[in-house]
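Below is one structure, written out as structure tokens, with a few remarks after it.
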Amino acid sequence: MRQPVTRRLQAALATLALAAAAGGIVLTAPEASAAAGSATGYATQNGGTTGGAGGQTVRATTGTAIHAALCGRAAAGTPIVIEVEGTINHGNTSKVSGSSCNTADGVIELKQISNVTIVGVGGGAVFDQIGIHIRESSNIIIQNVTVKNVKKSGSPTSNGGDAIGMESGVRNVWVDHTTLEASGGESEGYDGLFDMKADTRYVTLSYSILRNSGRGGLVGSSESDVSNGFVTYHHNLYENIDSRAPLLRGGVGHMFNNHYVRLNSSGINSRAGARAKVENNYFEDSKDVLGTFYTDAAGYWQADGNTLDNVTWSSPGEDNNPAGPDMKSTTTVSIPYAYSPDAAGCVPDVVSRTAGAGKGLKVSDGNCTAQPPTEPTPGPTDPT
């Protein structure tokens with residue numbers, strides 16, 4: 001039997017009141033827009049990605065407060081914007097229970113929910129050794145935050161070692177102006193910075209920094225996990241990454257206007273039937289930036305307008321099929337959305353001025369110029 005609206009509202013307010021009493025959460029008035037700018041790339045498809053637009057805005061300074069905000073909604077799909085300021089860590093991130101959430105200790109858990117925005121504000125939001133886990137969820141925006149040093153082994157551990165990880169029927173996620181970083185590879189306890197698996201689709205990673213990691217990220221956890229895809233990566237900096245920038249297993253990936261610096265072993269690894277459109281990127285001081293690597297399960301690519309600056313290539317082999325040195329395309333990939341790529345030559349400059357948390361959410365205008373984001377059309381608001 002469904003609870004009356006009054007009882008459900010009382011329960012929601014009680015959850016938020018408990019969190020407020022413990023510190024770390026502040027209610028503010030509803031806002032029309034959930035985040036600065038609008039989603040781009042594949043996150044605009046399948047109905048689009050608007051996050052918590054039109055919902056209540058809540059300020060959180062602890063991980064527990066983030067969970068409390070999710071649990072304090074009327075339902076798992078009630079739109080909400082969670083503004084985060086300060087450092088989120090294991091010491092201030094605990095499980096909170098409620099009918100509109102499914103959280104856990106030691107990880108920011110966005111599980112079985114929808115219509116949520118998490119955005120860093122004020123002095124910035126740093127998720128220190130705490131990962132963000134998105135599972136069985138849809139219409140999620142993560143913007144202007146730093147996630148660093150998330151481990152899968154050693155102590156403390158979180159989110160399987162992924163800075164941001166998505167799995168199990170995830171749809172429509174926009175991750176924008178984030179900084180995702182580790183301090184080493186698997187032997188030091190780290191895994192991927194931006195991973196998708198188990199049927200995750202319609203995702204965009206834009207204006208972000210991924211650095212100092214053995215693994216940049218993957219789409220598909222094994223050669224049989226090929227139900228993922230439709231992922232856009234644009235205006236990101238990949239710096240000092242050993243491999244997986246990204247690794248694609250099946251599906252379609254679109255990489256444009258990214259700056260790749262020091263890809264130490266391999267870069268964009270298209271395999272198991274994946275199709276990658278790779279255009280107007282700048283590859284610098286790197287090795288094997290595109291191809292099929294470490295497998296005989298071939299993937300494919302369309303490469304146009306890229307700049308190679310001090311890029312080296314290994315010899316082809318049974319489990320190695322580098323695209324270079326000529327970067328000849330092996331397929332064609334049609335892109336269903338409008339976009340205006342910058343010329344590859346200006347990518348290092350425009351990415352340096354726009355990518356990462358704390359950069360003022362600036363974006364490129366498609367003519368190598370950084371500018372403030374265009375505000376989305378306001379949506380409806382819900383009364384407090």
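The values are calculated or read from the model by the stated rules, or taken from the named source; none is laboratory data. Computed from a prediction, not measured in an experiment: that's the story for all the values here. Neighbour counts are summed over all protein chains in view; Cβ atoms, including those assigned to glycine, are modelled from backbone coordinates with ideal geometry. The accessibility values were calculated without ligands, DNA or RNA, using every heavy atom of the protein model including side chains. Shrake-Rupley method; radii C 1.70, N 1.55, O 1.52, S 1.80 Å.
Observations, loosely collected:
- None of Val278, Val231 is under 17 Å from Val311 (Cβ atoms) and open to solvent by less than 20 Å² (accessible area, probe 1.4 Å) except Val278.
- Here Tyr339 meets each of (1) part of a loop (DSSP other than H, G, I, E, B); (2) free of Cβ contacts under 8 Å to residues at least 60 places away in the same chain with one exception, condition (2).
- Just so you know, in the range 144-155 the residues that are buried (at least 24 other Cβ atoms within 10 Å of the Cβ) and outside any strand (DSSP E or B) include one that is farthest from the chain's Cα centre (by Cα), and it is Val150.
- Qualifying residue in the range 277-294 (condition: closer than 21 Å to Arg215 by Cβ, out of contact with any Leu (no Cβ under 6 Å at 6 or more places or on another chain), modelled with pLDDT of 95 or more and of a type in the set (Phe, Trp, Tyr)): yes
- Segments classed as strands (runs of 3 or more DSSP E), wholly inside the range 191-305, with at least 3 members that are under 20 Å from the mean Cα position of the chain (by Cα): 194-197, 201-206, 209-215, 229-234, 237-243, 247-249, 252-256, 259-263, 268-271, 275-279
- Screening the candidates Lys111, Lys95 for the property of being of a type in the set (D, E, K, R) and either more than 26 Å from Leu248 (Cβ to Cβ) or in contact with a Pro (Cβ under 7 Å, 6 or more places away or on another chain) (or both) yields one hit, Lys95.
- Hits in the range 156-183 - residues which are part of a strand (DSSP E or B) and either polar (S, T, N, Q) or open to solvent by 20 Å² or more (accessible area, probe 1.4 Å) (or both): Glu167, Arg171, Asn172, Thr179, Glu181, Ser183
- Leading residue by the ranking (farthest from Pro336 (Cα to Cα)) among those in the range 40-62 that are open to solvent by less than 10 Å² (accessible area, probe 1.4 Å) and over 15 Å from the mean Cα position of the chain (by Cα): Ala60
- Checking each residue in the range 283-316 for being open to solvent by less than 40 Å² (accessible area, probe 1.4 Å) and of a type in the set (Phe, Trp, Tyr) picks out Phe283, Phe293, Trp301.
- Every pair of residues 6+ apart whose Cβ atoms lie under 9 Å, when the first sits in the range 263-291 and is over 18 Å from Ser222 (Cα atoms) and among the charged types (D, E, K, R) while the second is open to solvent by less than 20 Å² (accessible area, probe 1.4 Å) and assigned to a loop (DSSP other than H, G, I, E, B): Lys277/Val333; Glu279/Asn257; Lys287/Ser266; Lys287/Gly267; Asp288/Ser266; Asp288/Gly267; Asp288/Ala323; Asp288/Gly324
- Which listed residue, of Asp349, Asp319, is open to solvent by 40 Å² or more (accessible area, probe 1.4 Å), among the charged types (D, E, K, R) and under 25 Å from Gly185 (Cβ atoms): Asp319
- Counted residues, the range 234-271 - those being among the polar types (S, T, N, Q), open to solvent by less than 20 Å² (accessible area, probe 1.4 Å), out of contact with any Ser or Thr (no Cβ under 6 Å at 6 or more places or on another chain) and within 13 Å of Arg215 (Cα to Cα): 1
So that you can scan it fast, the table gives a plain yes or no per residue for (1) in contact with a strand residue (DSSP E or B) (Cβ under 7 Å, 6 or more places away or on another chain); (2) open to solvent by 10 Å² or more (accessible area, probe 1.4 Å); (3) part of a loop (DSSP other than H, G, I, E, B); (4) not aromatic (Phe, Trp, Tyr):
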{"residue": "Ala69", "(1), (2), (3), (4)": "yes, no, no, yes"}
{"residue": "Ala74", "(1), (2), (3), (4)": "no, yes, yes, yes"}
{"residue": "Glu85", "(1), (2), (3), (4)": "yes, yes, no, yes"}
{"residue": "Lys95", "(1), (2), (3), (4)": "no, yes, yes, yes"}
{"residue": "Thr103", "(1), (2), (3), (4)": "yes, no, yes, yes"}
{"residue": "Val116", "(1), (2), (3), (4)": "yes, no, no, yes"}
{"residue": "Gly120", "(1), (2), (3), (4)": "yes, no, no, yes"}
{"residue": "Ile130", "(1), (2), (3), (4)": "yes, no, yes, yes"}
{"residue": "Ile142", "(1), (2), (3), (4)": "yes, no, no, yes"}
